[in-house]
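Sharing a structure here in structure tokens format.
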Amino acid sequence: MKESQNIEYKQSWQDDYLKWICGFANAHGGSLFIGIDDSGKVVGVSNAPRLLEELPNKVRDLLGIIVEVNLHNKNGFDYIEVVIPPYSVPVSLRGRYYIRVGSSLQELKGNALNDFLLKKSGKSWDDVLEPKASFKDIDEKSVSFFLKAAFKSGRLTEDESLEIQELFEKLRLSEGNNIKRAAIILFGKDPGKFYPNLSIKIGRFGQTDDDLKFEEIEEGNLIQLVREVPAQLNRKFFIKPVDFEGLQRIEKGEYPVAAIREMLLNALVHRDYMGSCIQIRVYDDKFCVWNEGTLPQGLTLDSLRRQHPSRPHNPIIADVCFKGGFIDAWGRGTLKIINACRQAELPEPEIIEQDGGILVTVLKDKYALEQLKRFGLSERQIKAIAFIKENGKIINSDYQNINDVSERTALRDLEDLFKKEVLSKKGEKKGTYYILKND
């Protein structure tokens, strides 16, 4: 057996390995083997009988849990198996909390620890009552907009004249006269008064990340941001305004509308609301959205590229957005982004974990700088692509001039682009010229 999410090998025992037992107990459980090396080869432990007696007591005294400790023998070598069940309550070691994630061990701190403790208690961050807030802090216009969207989607059938307090009870946004964090995030008059960094920063960049041309900051509750951010993008950041209501419309040469809207909604619904603000970066040839928050346990980046279960970081917020028709409840958000790009004949969007959050990048066209780098093109070849995009075609002498190279080098580079099916070749001999493939 290889090491995995539920299996860990150690050649000998050290008390520091109590962290791994703690991590298994806080995750899905697992087995810690003592006397087996990283490759899975049994090397044995000389003090196996003593460990068999001491380990259960040490785990009980320091972690407060019960584990099963078994003695095994293979080829004359004794080794120990510690079987750790998953625990529904949080388990700590000397006041510190650990969790098994994949095949690694992580110490939980800050917001991650808060979320973990809430989850173990059967709650999520957005399901907690906000003692400083009341129904006076709710924006009625946002509630009215939500109701109209919900009735239009057919996912909420109550009468449109429903009182806010009754509506919130149905949406699990309140308990009696007390409202939850989710209510403030979704419908608050001034949610930033309660929680920091709820704004969305939008920046227009040049060729590099440090070349900031201008920026705008949008503030408000989630319902307001769903409306205002697309409008702001149209006003100042997109060359050609797009209709965000026409989600199925695909325009060549522009970002797919469905992808942009889904990226914004994913960031708003799944972000860590105690972390940094959402950041949107608009470049000449790419559009990026970053939100703080890690993937739910059990999901990987590869999971996002296929059908996967919906495990929202903020389940109350996600449920309200579902009823409003903004998202669905099947974990298809990233698939919608990928499919929208595919329909627009654009490269597959990049989805990565970066700086404690998730970064999604959509390229404007298949000859965007990011995509050309993926092709493994040289700086000279990338300059040639930029020349063709501006002038429609390129000939050998053009390549020589823009790159200060010989005729032979220019021919070799251009032919390489032709073989890689980036360029199409037209004409013959002295009249040969190159254009972007499929143009």
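Every residue, every condition in (1) out of contact with any Pro (no Cβ under 9 Å at 6 or more places or on another chain); (2) surrounded by fewer than 18 Cβ atoms within 10 Å (Cβ to Cβ); (3) touching a residue at least 12 places away in the same chain (Cβ under 8 Å); (4) in a loop (DSSP other than H, G, I, E, B), yes or no:
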{"residue": "E8", "(1), (2), (3), (4)": "yes, no, yes, no"}
{"residue": "W13", "(1), (2), (3), (4)": "yes, no, yes, yes"}
{"residue": "L18", "(1), (2), (3), (4)": "yes, no, yes, no"}
{"residue": "I21", "(1), (2), (3), (4)": "yes, no, yes, no"}
{"residue": "A25", "(1), (2), (3), (4)": "no, no, yes, no"}
{"residue": "H28", "(1), (2), (3), (4)": "no, yes, yes, yes"}
{"residue": "P49", "(1), (2), (3), (4)": "yes, yes, yes, no"}
{"residue": "E53", "(1), (2), (3), (4)": "yes, yes, no, no"}
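Now for a separate question. Among the residues of the range 333-381, which ones are touching a Leu at 6+ places or on another chain (Cβ under 6 Å) and among the acidic types (D, E)?
Across the range 333-381, the qualifying residue is only E370.
Residue check, K74 against (1) in contact with a strand residue (DSSP E or B) (Cβ under 6 Å, 6 or more places away or on another chain); (2) farther than 30 Å from Y273 by Cα; (3) in contact (Cβ under 8 Å) with a residue 40 or more places away in the chain, all met but one. Which one?
For K74, the failing item is (3).
Is the range 69-77 home to any residue that is of a type in the set (K, R) and under 28 Å from K123 (Cα atoms)? I'd like the intermediate steps shown before the answer.
Looking only at the range 69-77, we keep the residues that are of a type in the set (K, R), and these are 74.
From the residues that got through so far, the ones that are under 28 Å from K123 (Cα atoms) too are none.
No, the range 69-77 contains no residue that is of a type in the set (K, R) and under 28 Å from K123 (Cα atoms).
State whether one or more residues within the range 372-390 are among the aliphatic types (A, V, I, L, M) and within 26 Å of A258 (Cα to Cα).
Scanning the range 372-390, I find at least one residue that is among the aliphatic types (A, V, I, L, M) and within 26 Å of A258 (Cα to Cα), so the answer is yes.
Just for the range 120-159: of the residues that are under 28 Å from the mean Cα position of the chain (by Cα) and part of a loop (DSSP other than H, G, I, E, B), which one is surrounded by the fewest Cβ atoms within 10 Å (Cβ to Cβ)?
Checking each candidate, the answer is G122.
Return yes or no: is Q381 crowded, with 17+ Cβ neighbours inside 10 Å, part of a helix (DSSP H, G or I) and in contact with a Pro (Cβ under 8 Å, 6 or more places away or on another chain)? Spell out how you get there, then give the answer.
Working: crowded, with 17+ Cβ neighbours inside 10 Å: yes; part of a helix (DSSP H, G or I): yes; in contact with a Pro (Cβ under 8 Å, 6 or more places away or on another chain): no.
It is false that Q381 is crowded, with 17+ Cβ neighbours inside 10 Å, part of a helix (DSSP H, G or I) and in contact with a Pro (Cβ under 8 Å, 6 or more places away or on another chain).
Still on this model: Considering F214, F205, which residue is within 25 Å of M263 (Cβ to Cβ) and either buried (at least 17 other Cβ atoms within 10 Å of the Cβ) or of a type in the set (A, V, I, L, M) (or both)?
One residue alone meets the criteria, F205.
What is the residue count in the range 82-118 for residues that are outside the structural domain of A48 (by TED's automatic domain parsing) and of a type in the set (F, W, Y)?
1
Does the range 401-417 contain at least one residue that is in the same structural domain as G333 (by TED's automatic domain parsing) and more than 25 Å from N291 (Cβ to Cβ)?
no
The rows are residues; the columns are (1) basic (K, R); (2) touching a strand residue (DSSP E or B) at 6+ places or on another chain (Cβ under 7 Å).
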{"site": "G333", "(1), (2)": "no, no"}
{"site": "C341", "(1), (2)": "no, yes"}
{"site": "E348", "(1), (2)": "no, no"}
{"site": "I351", "(1), (2)": "no, yes"}
{"site": "A386", "(1), (2)": "no, no"}
{"site": "S397", "(1), (2)": "no, no"}
{"site": "K419", "(1), (2)": "yes, no"}
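Which ones in the range 257-278 are out of contact with any Asp or Glu (no Cβ under 9 Å at 6 or more places or on another chain) and not aliphatic (A, V, I, L, M)?
If the condition is that a residue be out of contact with any Asp or Glu (no Cβ under 9 Å at 6 or more places or on another chain) and not aliphatic (A, V, I, L, M), then R261, E262, N266, H270 are the ones that fit.
Quick check on my filter: what residues within the range 388-416 are surrounded by 12 or more Cβ atoms within 10 Å (Cβ to Cβ), under 19 Å from A368 (Cα atoms) and out of contact with any Lys or Arg (no Cβ under 9 Å at 6 or more places or on another chain)?
I388, K389, I394, D416, listed by residue number.
Taking only the range 415-439 into account, find how many residues are touching a residue at least 24 places away in the same chain (Cβ under 8 Å), out of contact with any Ser or Thr (no Cβ under 9 Å at 6 or more places or on another chain) and within 22 Å of P347 (Cβ to Cβ).
4
Here's another thing I want to ask about it. For the range 1-30, what are the residues that are among the small types (G, A, S) and out of contact with any strand residue (DSSP E or B) (no Cβ under 8 Å at 6 or more places or on another chain)?
Correct list: S4 only.
The values are calculated or read from the model by the stated rules, or taken from the named source; none is laboratory data. All values reported here derive from a predicted model rather than from experimental measurement. Because the Cβ atoms are built from the backbone with ideal geometry, glycine has one as well, and the counts that use them run over all protein chains shown.
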